[in-house]
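Colleague: Structure in structure tokens, see below.
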Amino acid sequence: MNAHTRPADPAKLIKGATGDWEIIIGMEIHAQVSSKSKLFSGASTEFGGEPNDHVSLVDAAMPGMLPVINAECVAQAVRSGLGLKAEINLTSVFDRKNYFYPDLPQGYQISQYKSPIVGEGEVIVDMLDGSRFTVGIERLHLEQDAGKSLHDQHPTMSFVDLNRSGVALMEIVSRPDLRSADEAKAYVTKLRTILRYLGTCDGDMEKGSLRADVNVSVRRPGEPLGTRCEIKNVNSIRFIGQAIEYEARRQVDILEDGGVIDQETRLFDAGKGETRSMRSKEEAHDYRYFPDPDLLPLELEEAYVEELKRGLPELPDEKKARFVESFGLSSYDAAVLVAERETADFFEAVVAKSDGGARDGKAVANWVINELFGRLNKEGLAVTASPVSAAQLGAIIDLIGEDVISGKIAKDLFEIVWSEGGDPRQIVEDRGMKQVTDTGAIEQAIDAIIAANPDKVEQVKAKPTMLGWFVGQVMKSTGGKANPQAVNALLKAKLGIE
Amino acid sequence: MICNEIRLEPMSVDATTVRRIAHLARIAVTDDDIPHLQGELNAILAFVEELDTVDVTGVEPMTSVTPMALIQREDVVTDGGYPDDIVANAPMTEDHFFMVPKVVE
Amino acid sequence: MTDLTDLTLTEARDGLLSKRFSATELTKAHIAAVEAARSLNAFVLETPEHALDQAAASDARIARGEAGPLEGIPLGVKDLFATKGVRTTACSKILGNFVPSYESTVTSQLWRDGAVMLGKLNNDEFAMGSSNETSAFGPVVNPWRREGSNLQLVPGGSSGGSAAAVAARLCLGATATDTGGSIRQPAAFTGTVGIKPTYGRCSRWGTVAFASSLDQAGPIAKTVRDCAVLLTSMSGHDPKDSTSANVRVPDFAAAVARGVKGLKIGIPKEYRVEGMPAEIADLWQAGQDWLKSEGATIVDITLPHTKYALPAYYIVAPAEASSNLARYDGVRYGLRVPGQNIVEMYEKTRAAGFGPEVRRRIMIGTYVLSAGYYDAYYLRAQKIRTLIKRDFETVFQAGVDAILTPATPSAAFGLAEMQTASPVEMYLNDVFTVTVNMAGLPGIAVPAGKDGQGLPLGLQLIGRPFDEETLFAAGQVIESAAGRFVPPQAWWA
């Protein structure tokens, strides 16, 4: 059990007045399954829509309505399980979780309680400082989302819209393996990346496609687990971090004042950056789970799981390892590139030459990460909306490699392609951007500069670092198009510097 | 007969339990209702007590009375798009929303 | 033309096809009978205009030679089946004036085959009852009376309206549902034939749920053959019901005349309950004799877990019901009693909307599923269900084709006679029928004789899964031997 064996890391402890405290965090992530229709009905899952428009008779729990399971939701859950390196349970059971709430039309949520579709798995999380840790996944199960209540439309009434009612969710339950707000944020980020790679959840937190319930407790390092509080429905990665930090501090303060932590459900108030008790939900829950008699156990074939496994894309961990291995990238660069599947795909598209050959991975990574990402971020664009295509960027990188243009000119060229488009090779041709490799022309320029600056010629002999000044002058007089290596070599020869 | 499960409490409900169950079931009960409800529930519980004498060791609980596989439907949007019908029988609606007394969180 | 209501469904169908009378005439005769029989309270909603429209369409199809298998046949529909545009209440106040925008699969198949709907039939509230006295519309009166008595009797339940309407010749057949005996017990109390098919035979889509793992729709009709005709139309796989069986639906009527020669009929000793009235025991013996004389072999069998079926049922059914009935919360349809807050609204609505028996069963169901009790009650009951089913499997594997039992422990009792009885005493009505639901098997109740006071009594035949055909064949042998049972006079009209 990771929770008991992972030694306390002094850097992650929080300081209290009476000593250090360790934060223990476990998470339940609700990830909306990417599917066209709902888990048990044929109504659309599309976000938005007019009130109660994406609602079938089943979703509104009309008398006599029955659930029929969506095959794609099952497949997506299995894919997600495989992506979390988890065991797939060939038999799983849908249970009813009974409670009354206006946005829960059936009076129960169909969920999986004792027999989830996916069992234990793990997620490996890399931190920016290069450290990595493993988060145990306890289970993943399928369940129905609830509808939405609006409380601000009327002074005394709440408005209920069931468009989301019955949309498939995957609840992914982690072990209490997280030890800081940063770790929790990194875990959710990584989980989101995996699900997006798999195409099983779009991870759009603004639309509520990914929500977290965060369990937080604190303890003295090495001591048994403390009482935990569950912070419900935190809907951004930033808020997850804020909620944990606030909650851990709150608990430490209570404990240091000699108080005890009440096990309770709390709500994160993003406006105030605080968690507060959900008084309305304080009453004891008794969900009266039992197998849904409208459904049968879900039985899967080994061959079905194998087929889904074969269809899985390369996942971020494997992709990163391959980028390091095949392209000689640094671990950091590889991690940046694989954070989004689209980015990694773009990178690989740039690397691949149309003739089947490959460009230098390191050079491509540099261009993609430094130039392209920089520019995309500035404009707030996704890589899929990049004005510079992979082929165009590849051509620019080729022109450098072929010594047709210098790195500096390449940046100008990138700007032209970004704003005007076009074939980079043609642009270089048309606008005379080719670098000068003709030694005669460069020699001419050097001779002119040497002749015009006898004092500098004297200085450089005593101080060879002055060579840079000459290089600059030559580049300036050739409009930046002179090949820097050639300039260097010729200058050294003419000035007699070793 | 072997009884392989341990009872938590004797098989009878008290007035507090009747109230708790009624609240869980969201059915209002008055103080006057309690005694006869308690009596009836206890009579039913006494009636089913006989089941304790059955040896169920190693017996699988029934999950589906006729053996069949769960049919999975294709992921196609085939339903919805009739909010008028959805709210047609609702006691209180506005703009196709259902209305309920304000829920506070 | 009043004698049109005396016809069986099969006879009426022949008359329509040979154009001796029209669907409109047949329907009008039944509408008149329904109106004249309001004192029985069998119908909770009459839909005469709807019926006449359907009948006119049937006449047109008959004229074009496009008659369906039930063309122009006037039927009643238990108020548990959602009927599009026609109020559906499950005879509960909580559904109020609920008008569905959808039609149940079972009834839609009847209309597909040409049947005519006369209206909605009374039943115990949410099908919870054995006397039709829990209905929000008040009790149904049995068209049968004890000889020399005017005492009003119950028709049984929960499909009391269906059974009474068929017995009183108000319709040629009716839809019904059976969770613990709700088709077979009222059929036995009214001298009609009722079959609960194998679980999964009829779709549950659009039928108000009581206990999902036990509920099955089926017909109540005047004869075994009529039941077979109706069940053929009602059955079939429905992709909208995950528990609907994808098996072939035979022409059940073709099995009716098959006979019982060579069949092995089991007589379970556990059904010979203590204190069984002699007339029930005699009837049971008579049934065995009839089957034997037609070539069946009678064998003694044992179904050891029989006595646990009823207590286990009273855990499983209320548990499922407590969850199924959670949707009646005053938010989206039906009754709403305002409250200061949402919880108060729920509690007041459900207290006012559900009758005492429904409230009681919801409470029991809630209790047996609640934390700490699930294993002791629900899980244990479901294990016992496995044992009950295993009993039947063992017997069928040993070559038994069908099992013969009494349908009920007694004949119909008086209205309000059981009012002073405890709920449990009322539950004992289902003692012979409930095992069949627990095991998901088909069961048919066929009238076979009368008690000392002239009231009909029924026998039950239990079959292998999806072998309703044998039940129709054996049922017909009993019907042929015992004759049909029709209330002596239409005292209610």
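Colleague: Does C:Ser322 count as within 14 Å of another protein chain (Cβ to nearest Cβ) and either among the β-branched types (Val, Ile, Thr) or in a loop (DSSP other than H, G, I, E, B) (or both)?
Modeller: Criteria not met by C:Ser322.
Colleague: Taking the residues in region C:339-356 that are more than 18 Å from A:Pro105 (Cα to Cα) and among the small types (Gly, Ala, Ser) as candidates, determine which candidate is nearest to the other protein chains (Cβ to nearest Cβ).
Modeller: Only one residue fits best here, namely C:Ala351.
Colleague: Within the set of pairs 6 or more residues apart or between chains, which connect a residue that is loosely packed, with under 13 Cβ neighbours inside 10 Å inside region A:150-163 to a residue that is part of a loop (DSSP other than H, G, I, E, B) with Cβ atoms less than 7 Å apart?
Modeller: A:His151/B:Lys102; A:His151/B:Val103; A:Thr156/B:Lys102
Colleague: Is it the case that some residue within region A:55-72 is in the same structural domain as A:Phe133 (by TED's automatic domain parsing), assigned to a strand (DSSP E or B), more than 30 Å from A:Gly222 (Cα to Cα) and touching a strand residue (DSSP E or B) at 6+ places or on another chain (Cβ under 7 Å)?
Modeller: Yes - at least one qualifying residue is present in region A:55-72.
Colleague: Also, quick follow-up: Just checking, does region C:43-64 include any residue being surrounded by fewer than 16 Cβ atoms within 10 Å (Cβ to Cβ) and under 30 Å from C:Gly414 (Cβ atoms)?
Modeller: no
Colleague: Tell me the residue from C:Arg336, C:Arg359 that is over 29 Å from C:Asp401 (Cβ atoms), surrounded by 20 or more Cβ atoms within 10 Å (Cβ to Cβ), over 22 Å from the mean Cα position of the chain (by Cα) and away from chain A (no Cβ under 14 Å), please.
Modeller: Testing whether each residue is over 29 Å from C:Asp401 (Cβ atoms), surrounded by 20 or more Cβ atoms within 10 Å (Cβ to Cβ), over 22 Å from the mean Cα position of the chain (by Cα) and away from chain A (no Cβ under 14 Å) leaves just C:Arg359.
Colleague: Would a scan of region C:363-376 turn up a residue that is within 30 Å of C:Leu471 (Cβ to Cβ) and either in a helix (DSSP H, G or I) or at the interface with chain B (Cβ under 7 Å from one of its Cβ atoms) (or both)?
Modeller: Checked against the condition, which is being within 30 Å of C:Leu471 (Cβ to Cβ) and either in a helix (DSSP H, G or I) or at the interface with chain B (Cβ under 7 Å from one of its Cβ atoms) (or both), region C:363-376 yields no hits at all.
Colleague: Do you know which residues across region A:308-336 are small (Gly, Ala, Ser), in contact with a Gly (Cβ under 9 Å, 6 or more places away or on another chain) and under 22 Å from A:Ser131 (Cβ atoms)?
Modeller: Selection gives A:Ser331 alone.
Colleague: How do the strands (runs of 3 or more DSSP E) wholly within region A:125-167 filter down when requiring 1 or more residues that are at pLDDT 95 or above, under 22 Å from B:Asp84 (Cα atoms) and touching a Gly at 6+ places or on another chain (Cβ under 8 Å): which remain?
Modeller: Hits in region A:125-167: A:157-161.
Colleague: Another one. For region A:48-58, which positions are over 32 Å from the mean Cα position of the chain (by Cα) and more than 7 Å from chain B (Cβ to nearest Cβ)?
Modeller: Hits for region A:48-58 are A:Leu57, A:Val58.
Colleague: Hey, could you check region C:196-232 for residues that are among the hydroxyl-bearing types (Ser, Thr, Tyr) and more than 14 Å from chain A (Cβ to nearest Cβ) and say which is farthest from C:Gly114 (Cα to Cα)?
Modeller: It comes out as C:Thr198.
Colleague: Can you name every residue in region A:432-443 that is over 10 Å from A:Lys481 (Cβ atoms) and either modelled with pLDDT under 80 or exposed (fewer than 12 other Cβ atoms within 10 Å of the Cβ) (or both)?
Modeller: Result: A:Asp438, A:Thr439, A:Gly440.
Colleague: Next question, about the same structure. If you go through region B:80-105 one residue at a time, how many are crowded, with 19+ Cβ neighbours inside 10 Å and more than 10 Å from chain C (Cβ to nearest Cβ)?
Modeller: Of the residues in region B:80-105, 3 are crowded, with 19+ Cβ neighbours inside 10 Å and more than 10 Å from chain C (Cβ to nearest Cβ).
Colleague: Could I ask something else about it? I'm told B:Ile34 meets every condition in (1) at the interface with chain C (Cβ under 8 Å from one of its Cβ atoms); (2) farther than 26 Å from A:Phe40 by Cα; (3) hydrophobic (A, V, I, L, M, F, W, C) except one. Can you identify the failing condition by its number?
Modeller: That leaves (1) as the condition not met.
Residues are listed down the side, and each one gets a yes or a no for (1) small (Gly, Ala, Ser); (2) closer than 29 Å to B:Val48 by Cβ; (3) within 24 Å of the chain's Cα centre (by Cα); (4) modelled with pLDDT of 95 or more:
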| position | (1), (2), (3), (4) |
| --- | --- |
| C:Ser213 | yes, yes, yes, yes |
| C:Gly218 | yes, yes, yes, yes |
| C:Lys261 | no, no, no, yes |
| C:Glu274 | no, yes, no, no |
| C:Thr297 | no, no, no, yes |
| C:Pro311 | no, yes, yes, yes |
| C:Val316 | no, yes, yes, yes |
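Colleague: If a residue has to be under 17 Å from C:Thr89 (Cβ atoms) and free of Cβ contacts under 8 Å to residues at least 40 places away in the same chain to count, how many in region C:338-358 make the cut?
Modeller: Within region C:338-358, residues that are under 17 Å from C:Thr89 (Cβ atoms) and free of Cβ contacts under 8 Å to residues at least 40 places away in the same chain number 0.
Colleague: Another question, if that's okay. Quick one: what pairs do we get from region C:46-57, first residue in the same structural domain as C:Trp111 (by TED's automatic domain parsing), second surrounded by fewer than 16 Cβ atoms within 10 Å (Cβ to Cβ) and assigned to a helix (DSSP H, G or I), C-beta under 9 Å, 6+ apart or different chains?
Modeller: C:Glu46/C:Glu35; C:Glu46/C:Arg38; C:Pro48/C:Glu35
Colleague: Only residues that are among the small types (Gly, Ala, Ser) and either in contact with a strand residue (DSSP E or B) (Cβ under 9 Å, 6 or more places away or on another chain) or surrounded by 16 or more Cβ atoms within 10 Å (Cβ to Cβ) (or both): list them for region B:57-79, please.
Modeller: B:Ser64, B:Ala69
The values are calculated or read from the model by the stated rules, or taken from the named source; none is laboratory data. What you are looking at is a predicted structure, and each value in this text was computed from that prediction instead of being measured. Quick reminder, even Gly has a Cβ in these numbers, built from the backbone with ideal geometry, and neighbours come from all protein chains shown.
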